[in-house]
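Please read the structure below before turning to the comments.
The values are calculated or read from the model by the stated rules, or taken from the named source; none is laboratory data. As the structure is a prediction and not an experimental result, all values here were calculated from the model. We place every Cβ from the backbone using ideal geometry, glycine too, and count neighbours over all the protein chains shown. The accessibility values were calculated without ligands, DNA or RNA, using every heavy atom of the protein model including side chains. Shrake-Rupley method; radii C 1.70, N 1.55, O 1.52, S 1.80 Å.
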Amino acid sequence: MLDDQFEHLRDVLLAFKKGKRVKVLVVGSGGREHAMVWKLAHSPRQPRLFCAPGNAGIESLATCVPIKADDVAGLKAFAQREGIDLTVVGPEAPLALGIADEFRKSKLKIFGPTRHAARLEASKRFSKEIMAKAGIPTARAKAFDQPAEALAYVEHHDVPVVIKADGLAQGKGVLIAQTREEARRAIVDSMEKAVFGDAGKHVLIEQYLQGEELTIMAFTDGRTVAPMLPAQDHKRIGDGDTGLNTGGMGAYCPAPLGTLGMRAQVTRDILQPIVDVMSRLGSPFQGVLYAGLMIVHEVPYVLEFNARMGDPETQVVLPLLKTDLLDVLEAVVEHRLDQVPVEWHDGHAVCVVMSSAGYPGPYDVGEPIRGLDSLDPQSATVFHAGTARRGADIVTAGGRVLGITGRGATLADAQAAAYRTAKQIAIKGCHYPHDIAYRALAPRG
């Protein structure tokens, strides 16, 4: 640890003497990565920013590099050629492919867990096994490799029941089956029809928990855990959390459910134990640990772990971070997070996700996005998720197109700011929920 401290001090002094600006590469192309780049662009240290592959919004803040997020060899070669000082990984796919391992082999600094540590997200079965070792409260579950065995098991399971694809399915591999027929269909779709590809060859059948969801993410260097503000996202496509599951249609922060007591409990009983167990197993977790929780009678149960920041939660959490994000990321990479106080702004943030017509099903791309040039940046921040440049126009290039984040002294103020801006943007066929944060704003009886 002392060696890490001396190395960091030496790097800072050398950079100061040379007037060197730190070069940072952010990997990814969505709203989460735009929020990361945006926050890094606000660093008083003025880092030189690159993003691979980036999008039409990120290009105004960073040099976008046409390398796909899962092209580990290409990203490594670019980092070496350009002399990148720190690489920050946004999405889960490159982490599951072992990008952190490859970079560290070449003495390249990278923010993100190793391939083995990232299995906390990449394999739900592995995650359940680790939770059992750490004594972490979670729903009862059973893993299946054969469709016939899964189908037989579900015939005697209480409903509702949760069917989960074991691997990475872009946030869409979880179905809450209200009936056994829905459960059977989910198993067949996942294991026999391969609607999630290899990710769904194995499934978990899990106890359904009734409660309210909460997200608490944390920075960790493998020893120290620094929890972020609690957030709550909206996964369903429609108002009132109805309709099909999506990658996330909005979020708000801080979520009132995440009281100071709840945050302390989650850190003590969930986040720190997982970090400690991973270290004891020889796979220290460095990066962001995301805990998706279900709060049942004031007890937090883990629904899932992710090995990176959430999307769209990042778009409401990072705007409230007071500490320089670059300082935090470097402290994680250099195992000295205990020396950096992670502090937060007062106030609230609400993000509303605007999506293409048809999403989360088939959707068209290439639709022009109108109104971006006339927005007031003081009212809300527009994070691009699925956009591209076509000549002078910015057009849609994904299912989730934009994340509009409003900030305010109160949650209602932040919500109003987000929706004011969303109404000024025109995309043919675009839709978005009209009640993000409704749970927190509804009168409590």
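Residues considered: L86, L97. Of these, the only one that is in contact with a strand residue (DSSP E or B) (Cβ under 9 Å, 6 or more places away or on another chain) and closer than 30 Å to G403 by Cα is L86.
Looking for whichever is polar (S, T, N, Q) and open to solvent by 60 Å² or more (accessible area, probe 1.4 Å) here; the options are Q207, Q178. Which one fits?
Selected residue: Q178, the only one of Q207, Q178 that is polar (S, T, N, Q) and open to solvent by 60 Å² or more (accessible area, probe 1.4 Å).
Looking only at residues in the stretch 20-36 that are under 14 Å from the mean Cα position of the chain (by Cα) and outside any strand (DSSP E or B), the one that is surrounded by the fewest Cβ atoms within 10 Å (Cβ to Cβ) is R32. Set side by side, the residues V159, V174, V188, V203 differ, and just one is more than 28 Å from A118 (Cβ to Cβ) and in contact with a strand residue (DSSP E or B) (Cβ under 7 Å, 6 or more places away or on another chain), which is V159.
Being at pLDDT below 95, open to solvent by less than 30 Å² (accessible area, probe 1.4 Å) and β-branched (V, I, T): is that true of V154 here?
Yes, satisfied.
Within the stretch 187-206, residues that are among the basic types (K, R) sit with their Cβ atoms under 9 Å from residues that are in a loop (DSSP other than H, G, I, E, B), at 6+ positions apart or across chains, in these pairs: K201/D145; K201/D166; K201/G167; K201/A194.
Go through the stretch 246-263 and give me each residue that's buried (at least 17 other Cβ atoms within 10 Å of the Cβ) and of a type in the set (A, V, I, L, M, F, W, C). Selection gives M249, A251, C253, A255, L257, M262.
Sub-8 Å Cβ pairs linking a first residue in the stretch 208-224 that is within 28 Å of L281 (Cα to Cα) and at pLDDT below 95 to a second residue that is part of a loop (DSSP other than H, G, I, E, B) and open to solvent by 40 Å² or more (accessible area, probe 1.4 Å), at least 6 apart or interchain, number zero.
Residues in the stretch 358-381 that are open to solvent by less than 30 Å² (accessible area, probe 1.4 Å) and not in a loop (DSSP other than H, G, I, E, B): I369, A380.
Check the stretch 431-445 and report whether any residue there is assigned to a strand (DSSP E or B), closer than 17 Å to M249 by Cα, open to solvent by 10 Å² or more (accessible area, probe 1.4 Å) and among the hydrophobic types (A, V, I, L, M, F, W, C). Steps first, please.
Start the filter on the stretch 431-445 by keeping residues that are assigned to a strand (DSSP E or B), which leaves 431.
Restricting the remaining residues to those that are closer than 17 Å to M249 by Cα gives 431.
Applying the additional criterion that residues be open to solvent by 10 Å² or more (accessible area, probe 1.4 Å) yields 431.
With the extra rule that they be among the hydrophobic types (A, V, I, L, M, F, W, C), the set shrinks to none.
No, there is no match, as no residue in the stretch 431-445 is assigned to a strand (DSSP E or B), closer than 17 Å to M249 by Cα, open to solvent by 10 Å² or more (accessible area, probe 1.4 Å) and among the hydrophobic types (A, V, I, L, M, F, W, C).
Identify all residues within the stretch 94-128 that are open to solvent by 20 Å² or more (accessible area, probe 1.4 Å) and either out of contact with any helix residue (DSSP H, G or I) (no Cβ under 7 Å at 6 or more places or on another chain) or among the aromatic types (F, W, Y) (or both); write none if there are none. Within the stretch 94-128, D101, R104, K105, K107, H116, K124, R125, K128 qualify. Checked against the criterion of being over 30 Å from Q207 (Cβ atoms) and open to solvent by less than 30 Å² (accessible area, probe 1.4 Å), the stretch 296-318 contains one or more residues that satisfy it. Scanning the stretch 389-418 for residues being buried (at least 18 other Cβ atoms within 10 Å of the Cβ) and either aliphatic (A, V, I, L, M) or assigned to a helix (DSSP H, G or I) (or both) gives a total of 11. Taking the criterion of being basic (K, R) and either modelled with pLDDT under 95 or closer than 14 Å to G371 by Cβ (or both), the residues of the stretch 406-445 that qualify are R420, K423, K428, R439, R444.
Specify which of the listed residues (G238, G243, G282, G222) is over 18 Å from the mean Cα position of the chain (by Cα), small (G, A, S) and crowded, with 18+ Cβ neighbours inside 10 Å.
None of the other options fit; the residue is G222.
When residues in the stretch 38-73 are screened for being over 22 Å from the mean Cα position of the chain (by Cα) and open to solvent by less than 20 Å² (accessible area, probe 1.4 Å), 1 of them pass. A single member of A392, A412, A385, A380 is in contact with a helix residue (DSSP H, G or I) (Cβ under 7 Å, 6 or more places away or on another chain) and more than 23 Å from K39 (Cβ to Cβ), and it is A412. Note on the stretch 78-180: no enclosed helices (runs of 4 or more DSSP H) hold 3 or more residues that are among the hydroxyl-bearing types (S, T, Y) and more than 23 Å from E192 (Cα to Cα).
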